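Data block below; observations after.
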Amino acid sequence: VSVIIMAAGQGTRMKSKTPKVLHEICGKPMIYYAIREAQKLSNDVQVVLYHEFELIKNEIEKEFSGVLFCIQDHAKFPGT
């Protein structure tokens with residue numbers, strides 16, 4: 001089983017400079033909860049990033065190991 005987490009969006013409707021997936025819920029970035037549950041299901045967890053990908057990747061790597069990252073080719077594929 002592989003798990004792919006879509007986290008490439010800018011979160012413009014949130015009207016914040018903080019990337020959407022890094023907004024906190026109970027003191028942790030919201031992506032933390034998705035990855036934590038995904039790792040209970042599989043050792044193959046991949047996160048698709050685009051907007052602020054380096055910042056998000058660094059935050060994920062502080063909490064988790066073994067997560068793979070894919071950077072969206074936004075020029076050729078601008079949506080999900």
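No lab work stands behind these numbers, since they all come straight from the coordinates. Predicted, not measured: the structure shown is a model, and the values here were computed from it. All Cβ positions, glycine included, derive from the backbone under ideal geometry; neighbour counts span all protein chains shown.
Brief remarks on what is shown
- Rounded to the nearest Hz, the phi-derived 3J(HN,Hα) couplings of segment 22-38 under the Karplus curve 6.51 cos²θ - 1.76 cosθ + 1.60 (θ = phi - 60°) are 9, 5, 8, 10, 6, x, 10, x, 4, 5, 3, 5, 5, 5, 4, 5, 4, where x marks glycine and proline.
- Database remark: amide H of Ile5 closer than 5 angstrom to the amide H of Gln46, Val47, Val48 (H placed geometrically; neighbours at sequence offset of 5 or more, or on other chains; Pro and chain starts carry no H).
- Checking every one of the trypsin sites (Lys or Arg not before Pro) in segment 1-41 against DSSP loop status and a limit of 10 other Cβ atoms within 10 Å picks out Lys15, Lys17.
- Modelled spin-label separation between Glu61 and Thr18, with each label point placed 7 Å from Cα along the Cα-to-Cβ direction: 2.2 nm.
- For segment 53-63, Karplus couplings with θ = phi - 60° (6.51, -1.76, 1.60), whole Hz, Gly/Pro x: 4, 5, 4, 5, 4, 4, 5, 5, 5, 5, 9
- DSSP-defined beta bridges in the chain - what % are antiparallel, rounded to 5: 15 percent
- Each residue of segment 68-79 is assigned a 3J(HN,Hα), and the resulting list reads 9, 10, 10, 9, 5, 7, 5, 5, 8, 9, x, x Hz, derived from the Karplus form 6.51 cos²θ - 1.76 cosθ + 1.60 (θ = phi - 60°), x at Gly and Pro.
- Separation of the Met30 and Lys76 label points, Cα + 7 Å toward Cβ, nm: 3.0 nm
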